[in-house]
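Report on the following structure.
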Amino acid sequence: MLRSKMTAKEKLTYLHNPMSFYSQKGSLALKQKNIPYTEQIIDLHGGETHSPGYVENINPQGAVPVLKIEKDGHVRYIPDSEEIIKYLEENYPDNGPKLIPAQGSKERQQVDEFMALFNPLRVDLITYGCILNPELTDGMVFPNLMRQRAMTMLVTNAERLEVLKRENPKLKDVYQSKIDGWVDRKKTMTDIRAVAEIIDNELAPLMGKIETTLAQRYEASGVNGTWLCSDTYTAADNYLAVLLQRLHFIGLSKRFIESNIYINRYYKQLKQNKNFYDVCIRIAIQMHVVQKLQALKPYVAGLAAASVVAGLGYFLYKKYIK
Ligand SMILES: N[C@@H](CCC(=O)N[C@@H](CS)C(=O)NCC(=O)O)C(=O)O
């Protein structure tokens, strides 16, 4: 694979969390473009992105993902998945598919149009809203065990941020805005009607537009394997890939994937992609295993108790009866 001179000397480290939606966008873009990087996993539940060092030196938004670029003895950080994708596209033009098509092209116009619809989507509210209100879902993969954790996190996050705000007066404003953001989101996430409205009024029309676009593209080309805006994979596909997997994960697959012929076909096509598997599916499978193990817990405990009783019985039999 060709690499531009400019980027040959730089070292990329991707700070991310494999469960995070926006992190998955960046991971998938890096892998699809076949760009070499090392990864650093950030503990979201443990609040690593809120630590003063992270907020001050890495990302004032206190979030993942972040791309760390080391070049000629200098270090810089690019937060935000969209900015990261732009950077990769500008600095690694010869690697992999062109995620952002040439300015002025029909494909570029379509990618811009879809990204303008994708970016405002409140994926965190949809994700946590479904996790906290499973009545809205069908076939959730996210394990119950982790639902408890997600609920606790809603409380502990705000508490932890309050402590950080008190202990770091210099970063008071940053922490206050994060607290306000959490309080606000928590109000929506825990309100089943508000979550249902976001799904019905924001997500559903978007999925409808995706289905229509894919149908038109498929009917026009008549081939399997078409992408959303172009004959090649773009930033719009990168977003849609992660979104579809998220919908599957939170139990919205029946409503938005399986019931749509073209989206379903597109999703099946995605599942053939190794990078998609590595970034989005593997983690979902791991969660599925956790879910299954959790369901087996009472039997495992019963089996363990039965083994102890049987072992003891055998011991007593050998010792006193035989
Ligand atoms: N616009 C940002 C959003 C990043 C974001 O919200 N990341 C979440 C994880 S998916 C996060 O780090 N949340 C922790 C927090 O906000 O406290 C992007 O595209 O990267």
Cα-Cα separations in the stretch 5-96 greater than 16 Å, expressed as whole percent: 51
For peptides 270-277, 240-247, sequence by mean Cβ density within 10 Å, most packed first: 240-247, 270-277
Cα shape, the stretch 117-278, gyration tensor, a/c 1.5 rule: prolate
Cα-based Rg of the chain normalised by 2.2 N^0.38 Å, two decimals: 1.18
Residue-averaged 222 nm ellipticity for the chain, from DSSP H runs of 4+ at -39500 (n - 2.57), nearest 500: -18500 deg cm²/dmol
Projected label distance in nm at residue 297 and residue 70, using a 7 Å step from Cα toward the beta-carbon: 4.1
Environment charge at residue 128 (Cβ cut-off 14 Å; Lys +1, Arg +1, Asp -1, Glu -1): +4
Among 218, 37, 201 the positive-end extreme of the charge dipole of the chain (Cβ point charges): 37
Residues in the stretch 60-87 reached by a label modelled at residue 103 [backbone nitrogen below 19 Å; 7 Å Cα→Cβ]: 83-87
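Bear in mind these aren't lab numbers, they're just calculated from the coordinates by the rules spelled out. Predicted, not measured: the structure shown is a model, and the values here were computed from it. Heads up, the Cβs are rebuilt from the backbone with ideal geometry, glycines too, and the neighbour counts pull from every protein chain shown.
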